[in-house]
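Peer 1: Okay, here's the structure, questions in a sec.
The values are calculated or read from the model by the stated rules, or taken from the named source; none is laboratory data. From a predicted model like this one, the values you see are computed outputs, not experimental measurements. Glycine gets a Cβ as well: all are built from the backbone with ideal geometry, and neighbour counts include every protein chain shown.
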Amino acid sequence: MTPPVPPAPAKKSNVLLWVLIGVGGVFFLIVVAVLAGGLFVAHKIRQSNFELKSADGTIQIGGDAKIPTWVPDYPGSSPQTAFAAQGKSGRSGTFMFKTEDSADHVTKFYRDQLEASGLSVTAVVNSGTSQVITAEDGAKHHTVTVMANGRGNETSVNVTYTNK
């Protein structure tokens, strides 16, 4: 008679492996939730603006730019307000836009338009693909600074204005 075959040993369950998989899964879900939340908030910030009003004036951050009529509007641009303020001493702000035109073309447009409206160009800085011009009127009531930075086939433009 043959001796009875002992039963096969029971498979050990690797509890540590399952704990690590569970912790890793929870960590992965947290990372996905944080990334999704961050992208949602960034999207909302780009689409919104913030405005603060008081008896002394108004401050606006973001949103469509309300450009003063004496500041030239670049053809085909969609300017966005970075910052705008209006108080008892005047109005100032910065708006930006992007264009496929070169930095040379943008600054030439602004130089021609500002000079035609009676402002004098007081400073010109040309640094390769980046250019800056500043213009003001004789009484220094209006000042405009245009910064155009060309990169590849796109130019980023920041325009800062002050009206005292």
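Peer 1: Scanning for something modelled with pLDDT of 90 or more and either in contact with a Pro (Cβ under 8 Å, 6 or more places away or on another chain) or part of a strand (DSSP E or B) (or both), does region 52-64 turn up at least one residue? Write out each step before concluding.
Peer 2: Pass one, region 52-64, residues modelled with pLDDT of 90 or more: none.
Looking for residues that are modelled with pLDDT of 90 or more and either in contact with a Pro (Cβ under 8 Å, 6 or more places away or on another chain) or part of a strand (DSSP E or B) (or both), one finds none in region 52-64, hence no.
Peer 1: What do you reckon, is Tyr161 within 23 Å of Ile59 (Cβ to Cβ) and crowded, with 17+ Cβ neighbours inside 10 Å?
Peer 2: Yes, satisfied.
Peer 1: Is it fair to say Ala123 is in contact with a strand residue (DSSP E or B) (Cβ under 6 Å, 6 or more places away or on another chain), exposed (fewer than 12 other Cβ atoms within 10 Å of the Cβ), without any contact (Cβ under 8 Å) to a residue 40 or more places away in the chain and of a type in the set (A, V, I, L, M)?
Peer 2: Yes.
Peer 1: Can I ask one more? What are the residues in region 116-138 that are over 18 Å from Pro79 (Cβ atoms), among the hydroxyl-bearing types (Ser, Thr, Tyr) and not in a strand (DSSP E or B), if any?
Peer 2: Thr129
Here is a yes/no grid of residues against (1) in the same structural domain as Ser54 (by TED's automatic domain parsing); (2) within 19 Å of Ile61 (Cβ to Cβ); (3) free of Cβ contacts under 8 Å to residues at least 60 places away in the same chain:
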{"position": "Val71", "(1), (2), (3)": "yes, yes, no"}
{"position": "Tyr74", "(1), (2), (3)": "yes, no, no"}
{"position": "Pro79", "(1), (2), (3)": "yes, yes, no"}
{"position": "Lys88", "(1), (2), (3)": "yes, no, yes"}
{"position": "Thr129", "(1), (2), (3)": "yes, no, yes"}
{"position": "Ala148", "(1), (2), (3)": "yes, no, yes"}
{"position": "Arg151", "(1), (2), (3)": "yes, no, yes"}
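Peer 1: Now, a different point. Please specify each residue of region 81-115 satisfying the condition of being assigned to a strand (DSSP E or B), surrounded by fewer than 16 Cβ atoms within 10 Å (Cβ to Cβ) and either acidic (Asp, Glu) or modelled with pLDDT of 90 or more (or both).
Peer 2: Across region 81-115, the qualifying residue is only Lys98.
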